[in-house]
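Visitor: The structure under discussion is supplied below as structure tokens; questions concerning it will follow.
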Amino acid sequence: LAATEAVARATLGDDFSRAFCGAVRAAPGSPAQGWHADSPHSCEAHAPANLLNVLVALEDVKAAAGPTEFVPGSHVATNHHRAGAAFDESIVYQRDEHGPATVGASDDDVVALELDRGDVVLFDDRVLHRGGENRSGADRTVGYFSFARSGFEPDTHFEAYRSLDALRRGAAGLPDAARAEY
């Protein structure tokens, strides 16, 4: 937790806060999520991040389990206020029409991060991302929590609290330093 808080402090300022936490579970055979960003931009000019998401692998997440896929650099391109944007604030919703091409990227730009249990990934919540298709025979559960810039009121577009019990169960086997967060 200390390492993620250090990144949050450097990115969001000393007075950042914890925004929300939960878990995302994908059962075997679950399709990939729709591409989305988690928060909309607030103005045409690019601004620093207001919210950082932290993903925690509660078990190994290999290719067959459908790891989270990201379009690197898209935290700038998801700005629906910018001139020439071919989409609107709906980029925060998982819709079929959203994908890497929506923000000027290609499928070749996509990075799928395979993780070992206990690994963490931090990202600007405006990055275009999705959970991949789970082609494995096991559940894929990823815990998450978010840090917010002071004064930022996140208008979350997902259910942040429904899965807390699953998150706590999955965190039981993590090292003490990580488990303390849950």
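Visitor: Taking the Cα atoms of the range 15-88 alone, what are Rg (to one decimal) and Dmax (as a whole number) in Å?
Guide: In order Rg, Dmax, the Cα atoms of the range 15-88 give 15.3, 42 Å.
Visitor: Just the accessible area per residue of the range 17-68, please: how many Å² with a 1.4 Å probe?
Guide: On the way: 2020 Å² over 52 residues.
Averaged over the residues of the range 17-68, the accessible area is 39 Å².
Visitor: Grab the other residues whose beta carbon is less than 11 angstrom from that of Ala148, score K and R as +1, D and E as -1, and report the net.
Guide: Value of the local net charge: -1.
Visitor: Starting from the Cα gyration tensor of the range 39-139, take the square roots of the eigenvalues, sort them a ≥ b ≥ c, and report rounded, prolate or oblate (rounded when a/c is under 1.5, otherwise prolate if a/b is larger than b/c, else oblate).
Guide: It is prolate, given that a/c is not under 1.5 and a/b is the larger ratio.
Visitor: If I compute solvent accessible area with a 1.4 Å probe over the protein chains, what percent of it on the range 1-125 is carbon and sulfur?
Guide: Here it works out to 50 percent.
Visitor: Ordered by residue, what ³J(HN,Hα) values in Hz, to whole numbers, does the range 129-143 give under the Karplus form 6.51 cos²θ - 1.76 cosθ + 1.60, where θ = phi - 60° and Gly and Pro are x?
Guide: With coefficients 6.51, -1.76 and 1.60, one gets 7, 6, x, x, 5, 8, 9, 8, x, 10, 4, 10, 10, 10, x Hz.
Visitor: Please report the net charge: other residues with Cβ closer than 10 Å to the Cβ of Asn134, K and R +1, D and E -1.
Guide: Values: positive: Arg25, Arg135, Arg140; negative: Glu133, Asp139.
The answer is +1.
The values are calculated or read from the model by the stated rules, or taken from the named source; none is laboratory data. Keep in mind that this is a model prediction, so the values were computed, not measured. Note that we place each Cβ from the backbone using ideal geometry, even for glycine, and neighbour counts take in every protein chain shown. Please note that ligands, DNA and RNA were not included when accessible areas were found on the heavy atoms of the full protein model with its side chains. Shrake-Rupley method; radii C 1.70, N 1.55, O 1.52, S 1.80 Å.
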